[in-house]
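Okay, so here's the structure we're looking at.
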Amino acid sequence: MNRVHNILCSSRWWARRVESKLLPWGVKDVDLGDEVLEIGPGFGATTRLLASKPIRLTALELESRYVRRLRAELGDRVEIVQGDATRLPFDDGTFSAVLCFTMLHHIPERGLQDQVFAEVARVLKPGGTFAGTDSIGTGALFKLIHLGDTLLPIDPDELPDRLRSGGLEPREVRRVGNSFRFRAAKLT
């Protein structure tokens, strides 16, 4: 992430927005089960909130500096793993839910995004849920925040077919303003 993006995502404003809007909207009516994976937590605004739920939480983060920060802050409340979401370092059928919030647009290629969907399907237990949110990528401010960053927005209208191709059954893709939330399930 660029400097502006880092400042924004580590701000109290963002933490309050995540707590009051993003996370409640992203997990509304989602049965998380007891073994949850969050991919791409970045600075951990969502992770801190998820850590207070009665679940066993694992967070997978690509960037080593964020991994160190999250481990220092969260201690043993959350298992923080450094790794790549396109090659999840977990056994098949490990998690009851996989979550991601505003991170899919940071994956640099469409094929890699699709690989994430396939990996999520692989690590989910049968009946498990994949849920989260992302930005559509429109608007000058959003594009400005991402100058020099990876920015490959996902078209929410295409997402159901892409999830299905990855081995997941889409349950909902709901667009609100410049954001969308999604839910999918692993059937077998």
For this session: State the number of residues belonging to the stretch 1-50 that are surrounded by fewer than 15 Cβ atoms within 10 Å (Cβ to Cβ) and among the acidic types (Asp, Glu).
Result: 4
Exercise. Of everything in the stretch 64-108 that's of a type in the set (D, E, K, R) and surrounded by 15 or more Cβ atoms within 10 Å (Cβ to Cβ), which residue is nearest to Ala118 (Cα to Cα)?
Worked result: Asp84
Exercise. In the stretch 1-37, which residues are touching a residue at least 60 places away in the same chain (Cβ under 8 Å), outside any loop (DSSP other than H, G, I, E, B) and either under 20 Å from Ala131 (Cα atoms) or in contact with a Pro (Cβ under 7 Å, 6 or more places away or on another chain) (or both)?
Worked result: Val18, Leu22, Leu23, Trp25, Gly26, Val27, Glu35, Val36, Leu37
Exercise. Considering only helices (runs of 4 or more DSSP H) fully contained in the stretch 80-188, which possess at least 1 residues that are more than 22 Å from Val18 (Cα to Cα)?
Worked result: 110-123, 159-165
Problem set entry | Verdict on Ala51 being of a type in the set (A, V, I, L, M) and either within 24 Å of Arg110 (Cα to Cα) or in contact with a Phe, Trp or Tyr (Cβ under 9 Å, 6 or more places away or on another chain) (or both) | no
Problem set entry | Which numbered condition Leu74 misses (of (1) part of a loop (DSSP other than H, G, I, E, B); (2) without any contact (Cβ under 8 Å) to a residue 40 or more places away in the chain) | (1)
Problem set entry | For Leu70: the one exception among (1) within 19 Å of Leu8 (Cα to Cα); (2) under 14 Å from the mean Cα position of the chain (by Cα) | (2)
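Each value in this text was obtained by applying a stated rule to the coordinates, not by laboratory testing. Because the structure is predicted, anything quoted here is derived from the model rather than measured. Cβ: placed from backbone, ideal geometry, glycine included. Neighbour counts: every protein chain shown.
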